[in-house]
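The values are calculated or read from the model by the stated rules, or taken from the named source; none is laboratory data. Remember, predicted model here, so these are calculated numbers, not experimental data. Reconstructed Cβ throughout: ideal geometry from the backbone, glycine too, with neighbour counts over all protein chains shown. These area figures cover heavy atoms from the full protein model, side chains too; ligands, DNA and RNA do not enter into them. Shrake-Rupley method; radii C 1.70, N 1.55, O 1.52, S 1.80 Å.
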Amino acid sequence: MKTDIKLIQDGKRLDNRRLDELRPIKIEAGVLHRAEGSCYLEWGGNKVIAAVYGPREAVPRHTQNPLRAIVNARYNMAAFSVDDRKRPGPDRRSREISKVISEALENIIIVERYPRASIDVNIEILDAEAGTRCAGLTAAAVALVDAGIPMKDIPVACAAGKIEGQVVLDLGKDEDNYGQADLPIAISPRTGQILLLQMDGHLTLDEFNQALDLAMKGCYTISEMQKKAIMEKYQKVEEVK
Ligand code: UDP
């Protein structure tokens, strides 16, 4: 990918961030009344709602697993979330993102506790500005906690990438478009286990290790914000009582 845009100037990025700095993040748990659990998350220019339904009997019945629950994450981009109107409905990209998020969550939810059930996780992208799969998974994790779904840990996601030959944290839109690589990951912060890892572009082994390390650090920072959002929700519940 070649570009005339200068993505780094005097050690700062287009939006004035340092190379290892995240975009601003805001997380709120329990924003919807009819979902079992929900979360609203802003991450730079991304705005995301996640809503959890279930565990409930999986239908159609042939999808049921007698030994465990199935996890259906559905990632959807609103038509108005991107510059060019997005054609409504699932496309190849959103199916892929739904699949990798479902698999990441299945590995952290204690699915054996709910045989024959399905746990449905809806991720709606209202505004998109790069990094929506990480924002979606991070919001889904908070919504799952809000729904009281038992998990081994609270998963969290973040990306690192390469722009102008330098490894940086959390690519913005222009950096994603004109940069050289993007490495989104999701982890279990308690164990460091990797739940999702994708890569777009090219990195040397050294750069890959550097990017992985940086994305992990981002994950740990965001993990604290997730916990704070959950605590705030329960503080509010306490106050109302
Ligand atoms: N995007 C878009 N139209 C689409 C799909 C994506 O404009 O149909 C934009 C959107 O801002 C998205 C970005 O491209 O966040 C990067 O997309 P990518 O597939 O890398 O996934 P993401 O980084 O959002 O996880």
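³J(HN,Hα) across segment 151-160 via Karplus (A = 6.51, B = -1.76, C = 1.60, θ = phi - 60°), whole Hz, x for Gly/Pro?
Values, residue by residue: 9, 6, 6, 9, x, 8, 10, 6, 10, 10 Hz.
Based on alpha-carbon centroids, what's the gap between segment 87-154 and segment 1-43 in Å, whole number please?
If you average the Cα positions of each part, the centres end up 19 Å apart.
Given contacts defined as C-alpha pairs under 8 Å and at least six residues apart, what's the relative contact order of segment 163-210, whole-number percent?
31
Using the Cβ atoms and a cut-off under 9 Å, what net charge is assigned to the surroundings of residue 19, where Lys and Arg are +1 and Asp and Glu are -1?
+2
Using only the Cα atoms of segment 158-220, each taken as one equal point scatterer with no solvent, compute I(q) by the Debye sum, divide by I(0), and report log10 of the ratio at q = 0.14, 0.20 Å⁻¹.
-0.33, -0.66
When only alpha-carbon atoms are used, what values of Rg and Dmax, in angstrom, describe segment 76-176?
When restricted to the Cα atoms of segment 76-176, Rg and Dmax are 15.4, 50 Å.
Give me the net charge for the shell around residue 155: Cβ to Cβ below 15 angstrom, other residues only, Lys and Arg +1, Asp and Glu -1. Walk me through the numbers before you get to the answer.
Details: positive: 133, 152, 190, 227; negative: 103, 106, 146, 153, 224.
Combined, the nearby Lys, Arg, Asp and Glu give -1.
Consider just the alpha-carbon atoms of segment 130-169 and return their Rg together with their Dmax, both in angstrom.
Final numbers for Rg and Dmax: 13.7, 43 Å.
Which whole-number percentage describes the relative contact order of segment 1-65, with Cα contacts under 8 Å and a sequence gap of 6 or more?
On the way: 70 pairs, mean separation 11.7, N = 65.
Reported as a whole number, the value is 18 percent.
Averaging over every viewing direction, what projected area does the convex hull of the Cα atoms of segment 7-128 cover, in nm²?
Computing the convex hull of the Cα atoms and averaging its projections yields 9.7 nm².
When Lys and Arg each count +1 and Asp and Glu each count -1, what net charge do the other residues less than 14 Å away from residue 42, Cβ to Cβ, add up to?
For residues surrounding residue 42, the net value is -2.
Return the ratio Rg/(2.2 N^0.38 Å) for the chain, where Rg is computed over Cα atoms only.
Working: Rg = 18.1 Å, N = 241, 2.2 N^0.38 = 17.7 Å.
In units of the globular-protein estimate, the chain measures up at 1.02.
Cα atoms only, segment 100-241: Rg and Dmax in Å?
In Å, with Rg to one decimal and Dmax whole: 16.3, 55.
I'd like the accessible area for residue 7: 1.4 Å probe, protein heavy atoms, all chains in place, Å² to the nearest 10.
Per-residue accessible area (residue 7): approximately 0 Å².
Please report the relative contact order for segment 138-241, taking Cα pairs under 8 Å with a sequence separation of at least 6, and give it as a percent rounded to a whole number.
It comes to 27 percent, rounded to a whole number.
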